[in-house]
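Structure record follows, encoded as structure tokens.
The values are calculated or read from the model by the stated rules, or taken from the named source; none is laboratory data. Everything numeric here is computed off the predicted structure, so don't read it as measured data. All Cβ positions, even for glycine, are placed from backbone atoms using ideal geometry, and neighbour counts span all protein chains on display. Quick note on the areas: whole protein, heavy atoms, side chains included, nothing else; ligands and nucleic acids left out. Shrake-Rupley method; radii C 1.70, N 1.55, O 1.52, S 1.80 Å.
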Amino acid sequence: MTECDVLIIGGGPAGLAAGIEVGKAGLKALIVDEGVRFGGQLVKQTHKFFGNEEFYASVRGFEIAEKLLEELRAMDNVELMPESTVIGVYEDGVPILHRPSDTTTLLRPKRLVIATGASEKFLQFENNDLPGVYGAGAVQTLMNQFGIMPGENVLMIGSGNIGLIVSYQLMQAGVNVKAIIEASNRVGGYQVHANKVRRLGVPILLRHTIIRALGKEEVQGAVIAQVNDSWEVIPGTEREFVVDTICVAVGLSPSAELVSQAGGRLQFISELGGYVPVRDENMRTTASNVFVAGDVSGIEEATTAMVEGRIAGLSCVKDLKGITDEKRLKKFQEQLRAFRSGPTSSKVRKGLEKLNLSFPEKLPRETAVEPSYEAYKGKLRPIIECSEAIPCNPCETSCPFGAITIGENINNVPVIDYEKCTGCGICATKCPGLAIFMMQEKEEKGTATVGIPYEFLPIPSKGDQVYALRKDGSVAGVAKVTKVVKAPNSTTVVYIEVPLEEAREVRHIKVVEMKPEAIVCRCEELTVEDVEKAIEEGYTDFEELRRRLRIAMGPCGGRTCRLNALMILSRKTGTPIEKLDPGTFRPPVIPTTFKAVSKSAKGGESSEG
Amino acid sequence: MERIERHPILTFKRGKKIRFFFEGRELMAYEGETIAAALHANGIRVLRYTPKKARPQGLFCAIGKCSSCLMEVDGIPNVRTCMTLVKDGMAVRRQKGRGEFLD
Amino acid sequence: MRAEASVVIIGGGIIGTAIAFYLCKKGMKDVVLVEKSYLSSGSTGRCGGGIRQQWSERMNVRLAMRSVKLFERFEEEIGMDIEYYQGGYLLLAYTDEEVELFHKNVAMQQEEGLDVRLLSKEETKEKFPFMNLEGLKLATFCPTDGHANPHLATMAYAKAAEKMGAMILTHTEVTDIDVQSGQIKGVLTTKGYIKTSVVVNAAGGFSREVGLMAGVELPTESYRHQIFVTEPLEHILDPLVISFVNNFYIRQTKSGNFIMGQGDKDEPPSHKHDPSWKFLTEMTEKMPHFFPFLKEVRVLRHWAGLYNMSPDAQPIIDKSDKLSDFYFAIGFSGHGFMLAPAVGEAMADWIIYGSPEEVDISNLKMERFSKGVSREKNVV
């Protein structure tokens, strides 16, 4: 394609949404993207999106990308060009570099939609350039796009939504997140995201900063320290973490260079992440033929990026055809206003005000009146732990019985009517924050059934024993799985039975995966393999093995394992068992309490006190 | 730094198996992986050494913005390996310094 | 801000800051330099940074040789490393006309005492084996030519002048020059009025506009010239290489980037700063022919600056005959950076002592245009 009506730069949520609107109007559009795959950051998002169900809320990011692309691929008048970069906007055209063929093509589009997104902010600490220090986006790319683990143990810097979400995704991929550190005195992201990682046992250390990465060629550790009110390191509070990966999630800055080259004015607005294009409510920049959408126009999120993309697309249509679907345009503008009206958008609102774009605040309902516990205890019902006003409503729209209400303001916290609720549990699978749990008390047994939204592997089966974890990740005990409800969206609800007093605390499970193992020592959980390995390492005497593996040092006193271990030793070394020293048999042969020992009386004497 | 085989949400559709060379060593990759991703899957995180201070550099942004991942690919220096697909038979080298065209 | 100054210099490029430095150095402390943006924001900061003495006009050779002397002492005198590097200039001749001219030039340059020599194609090949010299007839090479970093040089002059008492006002625009009955009374700026009787116009691309503020018509016009750098590579190219018929110059910076540009005959006069795709396509097509390895090298940044052209492509260094103490150092036609030290020194001498001491600049006065024009030929 050498001629097009609208050139859309960037194939992320904003660009694709703009492409759909331009395509629908029958105009020729070309969407160019740098990456090897279209969808931008969407393809790396495995979590369900917040927002309005009309706008893909509760759908996972990578699935949204697929839906948008499917729609675009069906349009003959829209072309997608991957692995290509618009390298500049010149007075005499817009050249596109196609990297695989290393060629450029010059286009003279009638309108430009610049949806180039953002780039990762780079935090300054010692050795911040060491291999193993990644931006959060890179970790997501490796892990979620290519299926490659970035490391084994990660320290996350930053507790904004990205830091929290990526931490959760790392744990889902089987990578251990040692801690999340945050320099300010509060968690930056949504409470529900923070709760998700806390119940996995990942600590969030507030008022902490990273001082340096350790390692010569690659990251081998990190030194962190506490900071005071002026964000200065408090000497003496330094501590080391043994990690091989440091993930930096301290924010993004808009990639607006092409807007500037196209003649659009940029303005520094810290609330929006840096230099952003000056633009009007139709996403038109000060260069009249140039529109913007998405993170390039201010760091926000994919949902608003898609709405902005639609608006930019419709505005191009209006310019080139003289008319557009005004109703639709108004609807999108209204949606943006609704989305940005809540308390979590206050920063964005402040930033947009500096561009003379007014998005009124609408005070949401921030506390839900909890229905009387006494009236409904014993009924299987959802417990909604969503007390922060965030723009999100899938719980309301997914309930088949109309039992959950968000109301007109999408930022309201949900209210539930247990009279209408049937306990079906659909809301628990839909909630993007995984903040809805099922509960049913069984007072007569002194237990409760708790249903937990679960997005990990392996998925347990009914009857399995699992660890029940509390909100802070601590182990409450072992619990039996009573029901497993799988949903098409990969959020499984696992029902477990817990002691009644733990019902309001237990919010996660950990499945102990049983590998087919032949256990030699029950107390220390040693397998045949473990013992053989130690023997191969040169521990060929039972007492040596004992000190190496702690075999026969547990509560059983060696009654289970001693003979087994000796037999393995004999087999491996070729020494007949009768020639082997069986080691000492130390008393007591059964563990005995201090009390029992200290109160000991001599034989024959009455112990009557 | 291995490939994720099982994931609760995602299924990875990997391309054809191909081989490529890193510092002369033959490694395996899947078609559709970027050079940097394929190297990571093989446990290689040091991608180059800087010209002035010889500091090792790895992958940082993975979207072609930060220039940390420049390597020598098939004799051509300064290739952004985070956004260049690995190809069968490709020869990849750690870049030391600014890169040279004249050997 | 000072309300009064002995001299007000308009323009914070290399010329203005060099004049400020030499004025201070020679004892005049209450100098004010006014720059509408930041230091080196105009042509200086956008130029290639070459420093050459191989000119076809004798006056240019002298000025440049004096400049090189001053550049050689720069770090010692001013105390700042400006990445000055004497890697030479290699001028390539491809036509018989050029061969003839080069012979003539070298003879004249040698007369002036410049260490410059003719190189045959074979000698050139031996020195620079990585170049494709197809069609080359002759080259000239001057080892004491070189290049420096224009930003650093400007900053160095400005900082040194400031230390000696000058006031450097950036982000301050001169809006008018107050003239009363043939005398300068002061300069009106966006930050206020400065009383002065001496003004130096060192406004580069805007020299004509500044002249008009004082009611003086100056024969300069500005043209956009484009330039770009590649990604940095290991160092291989010592000299700055020029071909006039092929219309290019190229050098490698200290940080390893190749920087290059060309002139465009069709470019209309303007103050445009935007680069064009056409320029880049032409350059990227042309340059790998001469430097084959460039084919795989990536363009890193591309921009444009202004050549403030005079009618004969040589600078105009003069003072107004209509207006007392209105000096100008303008119309450098694309080679102001390399001449700045000598011009700064000459201008300061002229203002303080009434005549330039070190180098004769009489041929660079306006009156030359009434006698007919001998145009500098060694220009890209």
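Within the bounds of region C:128-147, is there any residue that is under 29 Å from C:P239 (Cβ atoms) and among the β-branched types (V, I, T)? Yes, region C:128-147 has at least one match.
Output the residue which, of all residues in region A:192-248 that are of a type in the set (D, E, K, R), open to solvent by 10 Å² or more (accessible area, probe 1.4 Å) and outside any loop (DSSP other than H, G, I, E, B), is nearest to A:I390 (Cα to Cα). Reasoning before the result, please.
Keep residues of region A:192-248 that are of a type in the set (D, E, K, R), which gives A:196, A:198-199, A:207, A:212, A:216-218, A:229, A:232, A:238-240, A:244.
Filter again for open to solvent by 10 Å² or more (accessible area, probe 1.4 Å), leaving A:198-199, A:207, A:212, A:216-218, A:229, A:232, A:238-240, A:244.
Those left that are additionally outside any loop (DSSP other than H, G, I, E, B): A:198, A:212, A:239-240.
Working: A:R198: 19, A:R212: 35, A:R239: 35, A:E240: 36 Å.
Within region A:192-248, the match that is nearest to A:I390 (Cα to Cα) is A:R198.
Scanning region A:475-489 for residues that are open to solvent by 40 Å² or more (accessible area, probe 1.4 Å), touching a residue at least 24 places away in the same chain (Cβ under 8 Å) and either outside any strand (DSSP E or B) or charged (D, E, K, R) (or both) yields A:K483, A:K486.
When C:I82 is tested against the conditions (1) outside any helix (DSSP H, G or I); (2) crowded, with 24+ Cβ neighbours inside 10 Å, the lone failure is (2). Scanning region B:66-78 for residues that are buried (at least 23 other Cβ atoms within 10 Å of the Cβ) and either among the β-branched types (V, I, T) or at the interface with chain A (Cβ under 10 Å from one of its Cβ atoms) (or both) gives B:S68, B:C69. Of everything in region A:81-111 that is surrounded by 17 or more Cβ atoms within 10 Å (Cβ to Cβ) and touching a Cys at 6+ places or on another chain (Cβ under 9 Å), the residue that is nearest to the other protein chains (Cβ to nearest Cβ) is A:L107. Taken over region C:233-251, residues that are within 14 Å of chain B (Cβ to nearest Cβ), of a type outside the set (D, E, K, R) and surrounded by fewer than 21 Cβ atoms within 10 Å (Cβ to Cβ) amount to 3.
Filter the strands (runs of 3 or more DSSP E) completely within region C:173-219 down to those with at least 2 residues that are touching a residue at least 12 places away in the same chain (Cβ under 8 Å) and open to solvent by 10 Å² or more (accessible area, probe 1.4 Å). Don't jump to the end; show me each part of the working.
Details: elements: C:174-180, C:183-189, C:192-195, C:198-201.
Ranges flagged: C:174-180, C:183-189, C:192-195.
Right, C:L364: modelled with pLDDT under 95 and in contact with a strand residue (DSSP E or B) (Cβ under 6 Å, 6 or more places away or on another chain) or not? Here the answer is yes, as C:L364 does meet what is asked.
Let's see how each residue does on (1) in contact with a strand residue (DSSP E or B) (Cβ under 6 Å, 6 or more places away or on another chain); (2) over 25 Å from C:L339 (Cβ atoms); (3) not in a loop (DSSP other than H, G, I, E, B):
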{"residue": "C:L118", "(1), (2), (3)": "yes, no, yes"}
{"residue": "C:E122", "(1), (2), (3)": "no, yes, yes"}
{"residue": "C:K125", "(1), (2), (3)": "no, yes, yes"}
{"residue": "C:L133", "(1), (2), (3)": "no, yes, no"}
{"residue": "C:L152", "(1), (2), (3)": "no, no, yes"}
{"residue": "C:Y157", "(1), (2), (3)": "no, no, yes"}
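Might you check whether a residue that is assigned to a loop (DSSP other than H, G, I, E, B) and modelled with pLDDT under 95 occurs anywhere in region C:220-232? Within region C:220-232, one or more residues are assigned to a loop (DSSP other than H, G, I, E, B) and modelled with pLDDT under 95. Filtering region B:82-103 to residues that are under 25 Å from A:T141 (Cβ atoms), in contact with a helix residue (DSSP H, G or I) (Cβ under 9 Å, 6 or more places away or on another chain) and within 14 Å of chain C (Cβ to nearest Cβ) leaves B:M83, B:T84. Which condition breaks for B:R19 when tested against (1) in contact with a strand residue (DSSP E or B) (Cβ under 9 Å, 6 or more places away or on another chain); (2) of a type in the set (K, R); (3) within 12 Å of chain A (Cβ to nearest Cβ)? (3) is the only condition that B:R19 fails.
Among the listed residues C:E4, C:E57, identify the single one that is open to solvent by 10 Å² or more (accessible area, probe 1.4 Å), under 19 Å from C:I361 (Cα atoms) and touching a residue at least 12 places away in the same chain (Cβ under 8 Å).
Details: C:E4 fails: under 19 Å from C:I361 (Cα atoms).
Exactly one residue qualifies, and that residue is C:E57.
The number of residues in region A:16-42 being buried (at least 22 other Cβ atoms within 10 Å of the Cβ), more than 27 Å from A:E388 (Cα to Cα) and within 14 Å of chain B (Cβ to nearest Cβ) comes to 7. Whether a residue is open to solvent by 40 Å² or more (accessible area, probe 1.4 Å), without any contact (Cβ under 8 Å) to a residue 60 or more places away in the chain, part of a loop (DSSP other than H, G, I, E, B) and facing chain A (nearest Cβ under 10 Å) was assessed, and B:K52 does not pass this test.
Hand me the list of helices (runs of 4 or more DSSP H) wholly inside region A:326-419 holding 2 or more residues that are crowded, with 18+ Cβ neighbours inside 10 Å and modelled with pLDDT under 95.
Details: elements: A:326-339, A:346-353, A:373-376, A:394-398.
Once the helices (runs of 4 or more DSSP H) in region A:326-419 are filtered for at least 2 residues that are crowded, with 18+ Cβ neighbours inside 10 Å and modelled with pLDDT under 95, what remains is A:326-339, A:394-398.
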